[in-house]
Structure formats: C-alpha cells, structure tokens
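Some notes on the structure that comes next.
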Amino acid sequence: MPFTETEIAGHIETLETHFWAHRRPPLHLRDKIREGQRFNGMSIELFFVRPLYQHPDQHVEEAIAKVRFIRSRNEWWLYWRRADGQWHRYPPVLRTATLEDALQVINQDPNGCFFG
C-alpha cells in the first residue's frame, strides 16, 4: 500500500526540517540548482536538478539517496546509487527506525556515498 496523502504531507515536513534545511543550495545558486523528492509507492528518492556542464540550457537529475519504508517491519531501508546506475542497500546502515534517523545517516554520509 503506497503512502497516504497524510503520510506524504508529514514526510515532506520531515524532509524539509531534517534534510533540505541543511542541504539546500546557497541563495546565489538556487536559480541554477534545485532540490527535489519523488514519492513512489513506499519509497522517497532525493535528488538535485542542475544544468549540464557543457549544455547549461539542459538540466539533469543528480540522485542523492533513496529511502523505503517497510510497513510490515516498521523500518526504513537506505539505498545509494552506485556507478552502475542502480539503487543498492547502504551497507553501513541497512535500516533505521525512523525517517529522521535515515536522513541523519544521509546527512552525515560517513563513506561519501551520497554526496561524494
């Protein structure tokens, strides 16, 4: 069962408070780089949209991370996008109890998987 509208609204508030407020591009770049999230079923993808280096009139999504809520276990699974372009479980922290905890792991990025 996908997230309900009420759950999505709560998750957006959590994302703003615990993630985007700390990761939003500086003011002078916000007309070029913007943040985004995509809800798909029980998953949330986090990404930046930025201009292509050699074609600044074209934009590309740059994946940051993906979190997936496993309702039957009441836990959040973390994913990172590897060089093969696929989402893989994040081995240092495979799961967290809350979305806030998952966002904290992504923010800290101890292995440089989310932000390089």
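The values are calculated or read from the model by the stated rules, or taken from the named source; none is laboratory data. For clarity, every value in this text was computed on a predicted model and none was experimentally measured. Note that each Cβ is placed from the backbone with ideal geometry, even for glycine, and that neighbours are counted across all protein chains shown. All accessible areas refer to the heavy atoms of the entire protein, side chains included, with ligands and DNA or RNA removed. Shrake-Rupley method; radii C 1.70, N 1.55, O 1.52, S 1.80 Å.
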Give the carbon-plus-sulfur fraction of the accessible surface of the chain in %, rounded to a whole number; probe 1.4 Å, heavy atoms of protein chains only. 50
Exposed loop trypsin sites (Lys or Arg not before Pro) only (DSSP loop, at most 11 other Cβ atoms within 10 Å): please give the longest stretch of the chain free of them, not including the sites. 31-70
Report P(r) for region 53-103: all Cα-Cα distances, bin width 5 Å, range 0 to the bin holding the largest distance, values in whole percent. 4, 19, 23, 17, 13, 9, 6, 5, 2, 0
Alpha-carbon centroid distance for the pair region 68-116 / region 8-66, whole angstrom: 16
Computed over region 50-102, the relative contact order (Cα-Cα under 8 Å, seq sep at least six) in percent reads 25
Stretched fully, the stretch from Arg24 through Thr6 gains (0.36 nm per residue minus C-alpha distance, one decimal, in nm) 4.1 nm
With angles folded into 0 to 90 degrees, how steeply does helix 5-15 sit against the dominant principal axis of the chain? Use alpha carbons for both and round to 10. 60
Express the relative contact order of the chain as a whole percentage, based on alpha carbon pairs under 8 Å and six or more residues apart in sequence. 18
Per residue accessible area in Å² of the chain, where ligands, DNA and RNA are left out and the probe is 1.4 Å: 63
Can you compute the modelled spin-label distance between Thr14 and Glu61, with each label point 7 Å from Cα toward Cβ, in nm? 2.1
What is the dipole size for region 17-116, taken about its Cα centre, with +1 at each Lys and Arg Cβ and -1 at each Asp and Glu Cβ, in debye to the nearest 20? 200
